[in-house]
């Protein structure tokens with residue numbers, strides 16, 4: 001159990017495009033979902049914490065107008081990279097947890113390339 | 001100061017040997033949780049093992065065990081009988097605070113493990 005699906009797995013698009021990434025918990029209800037960004041050969045950097053029905057909590061330095069997070073249900077959170085530019089190119093990965101003291105289960109990640 | 005320190009950026013180990021990946025952590029909170037994740041080259045993050053700060057015994061999951069030394073604030077991952085498929089990046093992570101207060105976890109910089117045939 002504890003499967004998290006992330007879609008799409010890869011996106012290549014032009015500068016100025018907005019890109020939406022979906023994160024779904026397939027077999028459990030996720031009280032909290034997290035969005036991370038990972039640069040090549042680096043660790044994961046937490047961008048924001050998302051709780052269903054409330055506004056996401058962004059980490060310091062993350063532009064909330066740039067990275068829009070919507071957690072519409074207990075099984076779905078979306079990250080929209082608005083007006084993406086080449087510097088937004090990265091590997092984005094989401095995770096979901098059943099609840100407190102439970103491990104985070106990760107999606108397979110989205111490789112975003114902005115031309 | 002770093003909350004999670006993984007001092008081995010890379011390791012090369014012969015197949016079938018045991019592997020120990022180091023992790024030290026820093027927290028003043030008496031309640032915390034420690035995790036290990038594996039990230040193959042394909043990018044997905046795979047949960048391996050969890051240790052709570054109040055757990056009396058070291059966590060074990062199959063070939064994975066966590067050598068938890070609370071006084072030294074270390075949580076090393078031990079992989080027994082390594083296999084070629086164990087080649088990956090390994091991240092140590094920590095959740096600070098009591099259950100329910102904050103589910104955020106902080107990741108170390110990772111250790112890239114190479115298993116040699």
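Just so you know, all these numbers are worked out from the coordinates, no wet-lab data involved. Because the structure is a prediction, the values reported are computed rather than measured. Virtual Cβ from ideal backbone geometry, glycine too; neighbours counted across all protein chains shown.
Calculate the length of the line joining the C-alpha centroid of the range B:40-75 to that of the range A:48-68, in whole Å. Result: 29 Å between the Cα centres.
Just to be sure I understand: if I project the alpha-carbon convex hull of the range B:42-111 onto a plane and average over all orientations, what area do I get in nm²? Value for the range B:42-111: 5.7 nm². By the gyration tensor of its Cα atoms, with a ≥ b ≥ c the square roots of the eigenvalues, what is the shape of the range B:57-97: rounded for a/c under 1.5, prolate for a/b over b/c, or oblate? In terms of gyration-tensor shape, prolate. If you sort the three axes of the alpha carbon gyration tensor as a ≥ b ≥ c, you get a/c of 1.5 or more for the range A:50-115 and a/b above b/c, which makes it prolate.
Considered as an equivalent ellipsoid built on the Cα gyration tensor, the protein assembly as shown has semi-axes of 30, 21, 16 Å, the largest given first. Treating each Cα of chain A as one equal point scatterer and applying the Debye formula with no solvent, the log10 of I(q)/I(0) at q = 0.13, 0.15, 0.21 Å⁻¹ comes out as -0.44, -0.58, -1.14. Mean sequence separation of contacting Cα pairs (under 8 Å, at least six apart), scaled by the length of chain B, corresponds to a relative contact order of 37 percent.
Shape summary of chain B, radius of gyration then Dmax from alpha carbon positions: 13.8, 45 Å.
Summary value for chain A: 37 percent relative contact order, contacts being C-alpha pairs under 8 angstrom separated by 6+ residues. In the elastic network of chain B, a GNM with C-alpha springs shorter than 10 Å, the most mobile of B:68, B:47, B:107 is B:47. Counting Cβ atoms of other protein chains within 10 Å of each residue's Cβ and taking the mean over peptide B:9-22 gives 0. A simple packing score, the average count of other Cβ atoms within 10 Å per residue, orders the peptides A:73-84, B:8-19 as A:73-84, B:8-19, with the highest score first.
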